[in-house]
1. For residue A:115, which lysines qualify as cross-link partners when the Cα separation must be under 30 Å and same-chain residues fewer than eight apart are set aside?
2. Name the aspartates and glutamates eligible as straight-distance cross-link partners of residue A:32: C-alpha to C-alpha under 15 Å, and not fewer than 8 places from it in the same chain.
3. Once the label point is placed 7 Å from Cα along Cβ, list for residue B:62 the distances to the corresponding points in the other copies, in nm, shortest first.
4. Measuring nothing but label to label, 7 Å from Cα along Cα→Cβ, what are residue A:12's distances to the other copies in nm, shortest first?
5. Which distances in nm, rounded to one decimal and ordered from shortest, link the label point of residue A:27 to the equivalent label points in the other identical copies, with labels set 7 Å from Cα toward Cβ?
6. Students sometimes get this wrong: rank A:7, A:99, B:9 by accessible area, probe 1.4 Å, all chains present, largest first.
7. Hey, rough spin-label estimate for residue B:73 and residue B:28, points 7 angstrom out along Cα→Cβ, what's it come to in nanometres?
8. Just the number, please: buried accessible area between A and B, total of both chains, 1.4 angstrom probe, nearest 100 square angstrom.
Number of protein chains: 2
Amino acid sequence: MTAFGFHAHDHAHCISTTLHRAEAYCAAHGLKFTPIRRRALEILLAEHRALGAYDLLAELAKDGLGTAPPVAYRALDFLTKAGFAHKIEGLNAYIACAHLGADHSPAFLICTECKSVAEAETQATQGRLGETARAVGFRINRTVIEALGVCPNCQDQPCA
Amino acid sequence: MTAFGFHAHDHAHCISTTLHRAEAYCAAHGLKFTPIRRRALEILLAEHRALGAYDLLAELAKDGLGTAPPVAYRALDFLTKAGFAHKIEGLNAYIACAHLGADHSPAFLICTECKSVAEAETQATQGRLGETARAVGFRINRTVIEALGVCPNCQDQPCA
DNA sequence: ACCTGAAGTGTTATGATATAACAAAAAGGA
DNA sequence: TCCTTTTTGTTATATCATAACACTTCAGGT
């Protein structure tokens, strides 16, 4: 059990169902869910926190799945392109997608105390940014929306 | 002249007024607007584009203002803390603030073709992200809001 | 079964971004 | 002046990311 959207939940279940969904998605789209890629997703899913590429690599190395940086970056490249993971730009770190399957524009609430991350949905084309874009004729391809702050759990423990 | 919010404008004037505003702000707040810091802001202002720290350093070096990375990072640290510049997380690059003086939550429209950047204002606590944050009790300290896409100028020149 | 081409993997090296640490100099107040 | 704080100069190193190339694996066509 760990924070998910800052709430406790059945984490083992959450991991296994997501892995199965990823498997199904790959089968349906002709993508190869190789051992390295599968294990990388599993590692990211093990925490609802952003992991650095080298942290991921260290975990992969423990399983004998590779030791050089490209191993981790290739896996992350696959996972992010497939929509199974996202990069948190503000942290140079990576996190498993919480809404696997849907083609979406994620937004993140990142706790700077405990490093846990919650994923929210946004409609980038709505809101002030979308208005501004339309007003000046800017075409949006991708959005990076991240809020840094303090999650409810950490607010309850002010001096932890 | 270069793009500003993707529109042409009197750029020399824009640089000098912003520098003067920064000077006034520093005087009013007891901050030291040293030659390195002033020149760094001037360099960032010279383009409405995001510049890498090492690009900035190269420019500073031309003026004999330093050659080692900390020189650039210290200047950027000062400028960002003073609100004179922002970091574009999606590019690991830095840009002069277009709304100097106001304490604000900037949002950016970043053209991936010509690298020009427009700065918009947002109210982070409004919109979907703010709703979600309030709903789960998350306290937002800082937001990163960036849209990557194609500016109107580059849409007009599809095969440039 | 065989070839072939595309995708994936192993590995070395390097590039790009950023900071730690500490000494020297400058600025500003008591 | 003297002392403290801030800024600067410099070396070294940490951290994040990719280029390049050889080798392997696997699916599809014949």
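The values are calculated or read from the model by the stated rules, or taken from the named source; none is laboratory data. These figures come from a predicted structure and were not determined experimentally. Note: ideal-geometry Cβ built from the backbone for every residue, glycine included; neighbour counts use all protein chains shown. To get the accessible areas, we keep the full protein, side chains included, count just its heavy atoms, and leave off ligands, DNA and RNA. Shrake-Rupley method; radii C 1.70, N 1.55, O 1.52, S 1.80 Å.
1. Within reach: A:62, A:81, A:87, B:81, B:87.
2. Cross-link targets: A:23, A:77.
3. With the label placed 7 Å along Cα→Cβ, residue B:62 yields 5.0 nm.
4. Those separations, rounded to one decimal, come out as 7.3 nm.
5. 7.3
6. Descending order: A:7, A:99, B:9.
7. Here the answer is 3.2 nm between the modelled labels.
8. Buried area between the two chains comes out at roughly 3000 Å².
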